[in-house]
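The values are calculated or read from the model by the stated rules, or taken from the named source; none is laboratory data. Quick caveat, the model's predicted, so the values are computed rather than measured. FYI the Cβ positions are ideal-geometry reconstructions off the backbone, even for glycines, and counts take in every protein chain you see. We work out accessible area using only protein heavy atoms, side chains counted, and drop any ligands, DNA or RNA first. Shrake-Rupley method; radii C 1.70, N 1.55, O 1.52, S 1.80 Å.
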Amino acid sequence: MVITEANKAAEKEGLRSGMVVADARAIVPTLNVVEDKAGRDIKLLRGLGEWCIRFTPLAAVDGTDGLILDVSGCAHLWGGEEPYLKEMLNRLRTAGYGVRGAMADTMQTACAIARYGKGYPIIQQGKQAEALAPLPSTSLRLEPETIDRLYQLGLTTIGKFMSIPRGALRRRFGPGLLHRLDQALGQETEALEPIVPLELFTERLPCLEPIKTRTGIEIALQRLLNTLCLRLQQEGKGLRTAVFKSYRLDGKVQEIAISTTRATAKAEHIFKLMEIRLGTIEPDLGIELFVLDAPKIEEAGPAQVTMWSGSSGLEDTGLAALLDRLVGKFGAGVVKRYLPEERYWPERSIREATDLRETPTTNWRTDRARPINLLQQPEPIQVTAPIPDYPPMLFRYKGVLHRTAKADGPERIEREWWIDQGPHRDYYTVEDEEGRRYWLFRSGHYRDDESPEWFIHGFFA
């Protein structure tokens, strides 16, 4: 067993990474050793990066021990760069982490100052060269071979080779050194890969004081919706899904999500959908950040205005709003729309529509009566019927006896042989003595050795 990391208390006793645990115990008999699980450090680092999203929407992992945050436009919410950085570091230190931080125009400079800097951690705009000059060459995150070559030549700090002609540096050390140096000085851009991809349409609302009441949550949601919907309207778009996230002081995130049947940019309508679920958000010690994301966006141009009559049917925006409220109150999957399919077998002759505006590829069959309520799977019934092609005189369904008053049929429907094999069905439309109508069928022919099975498949209005 070998030590992979040692804390400050262990380092003071002379323990270092790479030392055999048995030798370390000989030096410090009371040594406490914790098993190093593979991937645990990266998992923890990503967790801290997600926690930092309350300070900025763009957070990325830097190596195995660092985080890079793009704080453009965020510091003023905390009263400036210094209180912003101080608040972030103090929160992490209070949680038990040893942490250093710095702010600069470029990621390379900020990382170098955070790890190796000894002065003021906030570098003024355009002052990267002066801040980097006294730092060791290793602070540029160069390849080990390049660092060894620099130290062999006595170029131990960045300032010693920063003024050397670029051609000489390229010939001696390759393009990698110049690439890192240009990134640090802001002459080349450096890509940031955020832990949580930033939604194109997202709004944030940091809170100066933690929010603990439902009224405060409602006010925050209304502000975010008004801002987001204004952006959507200006670009002629509407949202289909929205996620409202609340970042609590204890590090947990509460969220609610809604979806709409058609793209909309009406803040009042979206607020009513989310208002139903606001009670599920538990502020606990307080909420310090609200975020509203719209992950699914569609084109939503202005609706055609008619002078004498309003829109109706599926084009009626009031219908879409009603469906959204029903889904928001009773849950997804409660409201469904069906379209016809070009299939003979009744179970396959319809399909669920994915959108309110989806158009059918074929027409509904109108030459034969079909039940409004079609069972997903036919259910067996007990039947008394003359043979061979007469409708049943009576049948028993779920223990209730029904006597036939009127009947129509049979209508024979053959199986789709290219899909499956089996007997045909002879369907009958049957009305009982109480006026209720059913769709029944006999599976296959009568045989001398056995009687065919009967099923109920649907109910008419």
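Out of all the residues in the stretch 432-450, which are under 30 Å from Glu342 (Cα atoms) and either in contact with an Asp or Glu (Cβ under 8 Å, 6 or more places away or on another chain) or open to solvent by less than 50 Å² (accessible area, probe 1.4 Å) (or both)?
Within the stretch 432-450, Arg437, Tyr438, Trp439, Leu440, Phe441, Arg442, Ser443, Gly444 meet the criteria.
Can you name the residue in the stretch 268-286 that is at pLDDT below 90, among the hydrophobic types (A, V, I, L, M, F, W, C) and not in a helix (DSSP H, G or I) and, of all such residues, is nearest to Lys329 (Cα to Cα)?
This residue is Ile276.
Within the stretch 1-41, how many residues turn out to be farther than 21 Å from Val99 by Cβ and not in a loop (DSSP other than H, G, I, E, B)?
So the answer is 9.
Which condition from (1) over 30 Å from Met1 (Cα atoms); (2) without any contact (Cβ under 8 Å) to a residue 12 or more places away in the chain is the one that Leu92 breaks?
(2)
Determine which member of the set Leu192, Leu230, Leu205 is modelled with pLDDT under 90 and open to solvent by 30 Å² or more (accessible area, probe 1.4 Å). Reasoning before the result, please.
On the way: Leu230 fails: modelled with pLDDT under 90; Leu205 fails: modelled with pLDDT under 90.
Among Leu192, Leu230, Leu205, only Leu192 is modelled with pLDDT under 90 and open to solvent by 30 Å² or more (accessible area, probe 1.4 Å).
Among the residues of the stretch 119-142, write down those that are surrounded by 13 or more Cβ atoms within 10 Å (Cβ to Cβ), closer than 20 Å to Glu188 by Cβ and under 37 Å from the mean Cα position of the chain (by Cα).
Scanning the stretch 119-142 gives Ile123, Ser139, Leu140, Arg141, Leu142.
Quick one: would you say Val383 is modelled with pLDDT of 90 or more, touching a Phe, Trp or Tyr at 6+ places or on another chain (Cβ under 6 Å) and among the β-branched types (Val, Ile, Thr)? Break it down into steps so the answer makes sense when it comes.
On the way: modelled with pLDDT of 90 or more: yes; touching a Phe, Trp or Tyr at 6+ places or on another chain (Cβ under 6 Å): yes; among the β-branched types (Val, Ile, Thr): yes.
In short, yes.
What number of residues in the stretch 347-375 are in contact (Cβ under 8 Å) with a residue 24 or more places away in the chain, open to solvent by 100 Å² or more (accessible area, probe 1.4 Å) and more than 30 Å from the chain's Cα centre (by Cα)? Break it down stepwise before answering.
First, pick out the residues of the stretch 347-375 that are in contact (Cβ under 8 Å) with a residue 24 or more places away in the chain: 347-348, 350, 355-357, 364-365, 368-375.
Subset that is open to solvent by 100 Å² or more (accessible area, probe 1.4 Å): 357, 364-365, 368, 372.
Of the ones still in play, those that are also more than 30 Å from the chain's Cα centre (by Cα) are 364-365, 368, 372.
Residues flagged as in contact (Cβ under 8 Å) with a residue 24 or more places away in the chain, open to solvent by 100 Å² or more (accessible area, probe 1.4 Å) and more than 30 Å from the chain's Cα centre (by Cα) within the stretch 347-375 amount to 4.
Could you tell me whether any residue of the stretch 361-373 is at positive phi and not polar (S, T, N, Q)?
Kept after step one, since they are at positive phi, are these residues of the stretch 361-373: none.
No, every residue in the stretch 361-373 fails to be at positive phi and not polar (S, T, N, Q).
Restrict the check to the stretch 287-310 and report whether at least one residue is open to solvent by 30 Å² or more (accessible area, probe 1.4 Å), at positive phi, modelled with pLDDT of 60 or more and in contact with a strand residue (DSSP E or B) (Cβ under 6 Å, 6 or more places away or on another chain).
no
Exactly one of (1) modelled with pLDDT of 90 or more; (2) loosely packed, with under 13 Cβ neighbours inside 10 Å is unmet by Leu185. Its number?
Against the list (1) modelled with pLDDT of 90 or more; (2) loosely packed, with under 13 Cβ neighbours inside 10 Å, Leu185 comes up short only on (2).
Out of Glu82, Glu87, report the one residue that is part of a helix (DSSP H, G or I), open to solvent by 40 Å² or more (accessible area, probe 1.4 Å) and either out of contact with any helix residue (DSSP H, G or I) (no Cβ under 8 Å at 6 or more places or on another chain) or under 20 Å from Leu192 (Cβ atoms) (or both).
Numbers: Glu87 fails: either out of contact with any helix residue (DSSP H, G or I) (no Cβ under 8 Å at 6 or more places or on another chain) or under 20 Å from Leu192 (Cβ atoms) (or both).
Sole residue among the options that is part of a helix (DSSP H, G or I), open to solvent by 40 Å² or more (accessible area, probe 1.4 Å) and either out of contact with any helix residue (DSSP H, G or I) (no Cβ under 8 Å at 6 or more places or on another chain) or under 20 Å from Leu192 (Cβ atoms) (or both): Glu82.
Select from the stretch 165-201 the residues that are aliphatic (A, V, I, L, M) and in contact (Cβ under 8 Å) with a residue 40 or more places away in the chain and list them in ascending order. Spell out how you get there, then give the answer.
Initially, the stretch 165-201 is screened for residues aliphatic (A, V, I, L, M), giving 168-169, 177-178, 181, 184-185, 191-192, 195-196, 198, 200.
Leu181, Ala184, Leu185, Leu192, Ile195, Val196, Leu198, Leu200, listed by residue number.
Take Lys212 and tell me if it is in contact (Cβ under 8 Å) with a residue 60 or more places away in the chain, out of contact with any His (no Cβ under 9 Å at 6 or more places or on another chain) and open to solvent by 20 Å² or more (accessible area, probe 1.4 Å). It would help to see each step written out before you state the result.
Values: in contact (Cβ under 8 Å) with a residue 60 or more places away in the chain: yes; out of contact with any His (no Cβ under 9 Å at 6 or more places or on another chain): yes; open to solvent by 20 Å² or more (accessible area, probe 1.4 Å): yes.
Judged against the criteria, Lys212 is a match.
Being among the hydroxyl-bearing types (Ser, Thr, Tyr) and open to solvent by less than 100 Å² (accessible area, probe 1.4 Å) is the filter; apply it to the stretch 385-418 and report the residue that is nearest to Arg343 (Cα to Cα).
First, pick out the residues of the stretch 385-418 that are among the hydroxyl-bearing types (Ser, Thr, Tyr): 390, 397, 404.
Within this subset, residues satisfying the condition of being open to solvent by less than 100 Å² (accessible area, probe 1.4 Å) are 397, 404.
Values: Tyr397: 28, Thr404: 30 Å.
Selected residue: Tyr397.
Being modelled with pLDDT of 90 or more and open to solvent by 40 Å² or more (accessible area, probe 1.4 Å) is the filter here; which residues of the stretch 255-267 pass it?
Glu255, Ala257
Tell me whether the stretch 110-118 contains one or more residues that are surrounded by fewer than 20 Cβ atoms within 10 Å (Cβ to Cβ), at pLDDT 90 or above and assigned to a helix (DSSP H, G or I).
Looking for residues that are surrounded by fewer than 20 Cβ atoms within 10 Å (Cβ to Cβ), at pLDDT 90 or above and assigned to a helix (DSSP H, G or I), one finds at least one in the stretch 110-118, hence yes.
If I ask for residues that are surrounded by 17 or more Cβ atoms within 10 Å (Cβ to Cβ), part of a loop (DSSP other than H, G, I, E, B) and not hydrophobic (A, V, I, L, M, F, W, C), which ones from the stretch 58-77 would you list?
Once the filter is applied, which keeps residues that are surrounded by 17 or more Cβ atoms within 10 Å (Cβ to Cβ), part of a loop (DSSP other than H, G, I, E, B) and not hydrophobic (A, V, I, L, M, F, W, C), the stretch 58-77 yields nothing.
Could you tell me whether Arg412 is under 30 Å from Tyr446 (Cβ atoms), charged (D, E, K, R) and touching a residue at least 40 places away in the same chain (Cβ under 8 Å)?
Details: under 30 Å from Tyr446 (Cβ atoms): yes; charged (D, E, K, R): yes; touching a residue at least 40 places away in the same chain (Cβ under 8 Å): no.
For Arg412, the condition - under 30 Å from Tyr446 (Cβ atoms), charged (D, E, K, R) and touching a residue at least 40 places away in the same chain (Cβ under 8 Å) - is not met.
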